[in-house]
1. Just how large is the dipole of the chain about the Cα centre, in debye to the nearest 20, putting +1 at every Lys and Arg Cβ and -1 at every Asp and Glu Cβ?
2. Testing the spin-label approximation: label points 7 Å from Cα along Cα→Cβ at Asp9 and Thr143. State their distance in nm.
3. Hey, how much of the P(r) for segment 1-126 falls beyond 19 Å, as a percent of Cα pairs?
4. Work out how much length Leu95 to Glu66 would gain on full extension: take 0.36 nm times their residue separation and subtract the Cα-Cα distance, in nm to one decimal.
5. If you take the charge dipole of the chain about its Cα centre, with +1 on Lys and Arg Cβ and -1 on Asp and Glu Cβ, which of Asn126, Ser104, Ala228 is farthest toward its positive end?
6. Over segment 74-158, what percent of the accessible surface lies on carbon and sulfur atoms, probe 1.4 Å?
7. Of the labelled options (i) 38, 17, 15; (ii) 27, 22, 15; (iii) 35, 23, 20, which one gives semi-axes √(5λ) of the Cα gyration tensor in Å as computed for this structure?
8. Size of the dipole of segment 57-104 about the Cα centre, Lys and Arg at +1 and Asp and Glu at -1 on the beta carbon, nothing else charged, in debye to 20?
Amino acid sequence: MIDPARLRDALTGARELIADAAPRSGRDADDVEVVLAGKYIPAEESEALVDAGVRVVGENRLQDLEAKAAILGDRVVFDFIGHLQRRKVRRVLPLVRLIHSVDSVSLAQEIAERATEPVRCLVQVNTSGEATKGGVPVDALDTFVDEVSGYPTIVIGGLMTLPPKVESAGDARPYFSLLRELRDQFAEKWSGRHDFRDLSMGTSQDFAVAVEEGATRVRIGRAMIDQAQVS
């Protein structure tokens, strides 16, 4: 069971680490948002998120998103952070502020066709080149953005990545640095059409490094929930 007070303390600890790391990239802690990965929290315990002061919840699965949205309503903001299947777009769109994981033109097309107003999305980039990783390959990103830009209701708000498993947090730095460099290049090229403000990168084990490299949204879950559990 989740203890809201313990979860609040865990969030405070994470934000303190962010406050320490953010100046190393020339920013303030307020420039970085914590997205709590909701997959570690059962819907029946989701009230604890509100009690703990959680503001943004990132869900990986439609059924979890719908269950928690039914309970929490607009008391928190929901993002979709997992792999999104095209057939689920219609149900996901009304519930979320941001989709972190657009990784194919066909998914972007489905979002565009279902959207009733401009939808701000992040493009998932495979910065490691691993065949088992999702995301648009780095060398295909330029073509991808060109194609997606043909859908007027899609606004690319930035990039997201999942680095490979590494032995230490610092080993993930090159993948975060690469994503930041790509974001800067595309922000300049597409100024006026897309905003490319966000970098969604960093999870429980490496979010401080991600913040040092420019992350604007960090997806933290397991570490904080582990700290918040009571028997």
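The values are calculated or read from the model by the stated rules, or taken from the named source; none is laboratory data. Not measured: the values here are computed from a predicted model. All Cβ positions, even for glycine, are placed from backbone atoms using ideal geometry, and neighbour counts span all protein chains on display. Accessible surface is based on the protein model in full, side chains and every heavy atom, while ligands, DNA and RNA are left aside. Shrake-Rupley method; radii C 1.70, N 1.55, O 1.52, S 1.80 Å.
1. Numbers: 29 positive and 37 negative charges, 106 e Å.
In debye, rounded to 20, the chain gives about 500.
2. 5.3 nm
3. Numbers: 4209 of 7875 pairs.
Counting pairs separated by more than 19 Å, the tail of P(r) holds 53 percent.
4. On the way: separation 29, 0.36 × 29 = 10.44 nm, distance 0.78 nm.
This chain segment gains 9.7 nm when fully extended.
5. Final value for the positive-end residue is Ser104.
6. On the way: 1850 of 3940 Å².
C and S fraction of accessible area: 47 percent.
7. Correct label, based on the coordinates given: (ii).
8. Working: 9 positive and 6 negative charges, 44 e Å.
It comes to approximately 220 debye.
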